[in-house]
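These notes concern the structure reproduced below.
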Amino acid sequence: MQVISAKDMTPDLTAPGVDILAAWSPVSPPSGIQGDKRSVKYNIITGTSMSCPHTTGAAAYVKTFHPDWSPSAIKSALMTTAFLMNATKNPDGEFAYGAGQINPVKAINPGLIYDAYEDDYVKML
């Protein structure tokens, strides 16, 4: 039986996710500390919960230009046009950053995309 650890998982893409100004529920304290009575409409947040909307928005942006593209074609376009990340501080960067940081504008016209369908995934299994 194959054991999979967190070390085996790598991201396909990287998106902005640090210090993102985002909508915030006014009933939730901005500090996350119980007893904090402040109420704000926006907060600066960090994490995958912030990078996921950026990636989703980029995919939707590409889809508006190519409504006939499948999800795998859009993913391919985003991956092949991503900004390469700098590996000077992390020589193993490709395992940390995947294809790089998304570049939605370049993804509109990637040149070449790899499109995979359900049958392709089943054959791979």
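Results, tabulated for the structure shown:
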| item | result |
| --- | --- |
| Subset of segment 12-28 [more than 30 Å from M79 (Cβ to Cβ) and out of contact with any Ser or Thr (no Cβ under 8 Å at 6 or more places or on another chain)] | W24, S25, S28 |
| Test: T48 is at pLDDT below 90 and β-branched (V, I, T) | yes |
| Top-ranked residue of segment 39-56 - restricted to ones that are among the small types (G, A, S) and assigned to a loop (DSSP other than H, G, I, E, B), ranked as nearest to S76 (Cα to Cα) | G47 |
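Okay, residues lined up against (1) surrounded by 11 or more Cβ atoms within 10 Å (Cβ to Cβ); (2) in a loop (DSSP other than H, G, I, E, B); (3) modelled with pLDDT of 85 or more:
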residue: V18; (1), (2), (3): no, yes, yes
residue: S25; (1), (2), (3): yes, yes, yes
residue: S28; (1), (2), (3): yes, yes, yes
residue: K37; (1), (2), (3): no, yes, yes
residue: A58; (1), (2), (3): yes, no, yes
residue: K75; (1), (2), (3): yes, no, yes
residue: T88; (1), (2), (3): no, yes, no
residue: A96; (1), (2), (3): yes, no, no
residue: G111; (1), (2), (3): no, yes, yes
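The values are calculated or read from the model by the stated rules, or taken from the named source; none is laboratory data. No experiment lies behind these values; they were computed from the predicted model shown. Cβ coordinates were reconstructed from backbone atoms using ideal geometry, including for glycine residues, and neighbour counts include every protein chain displayed.
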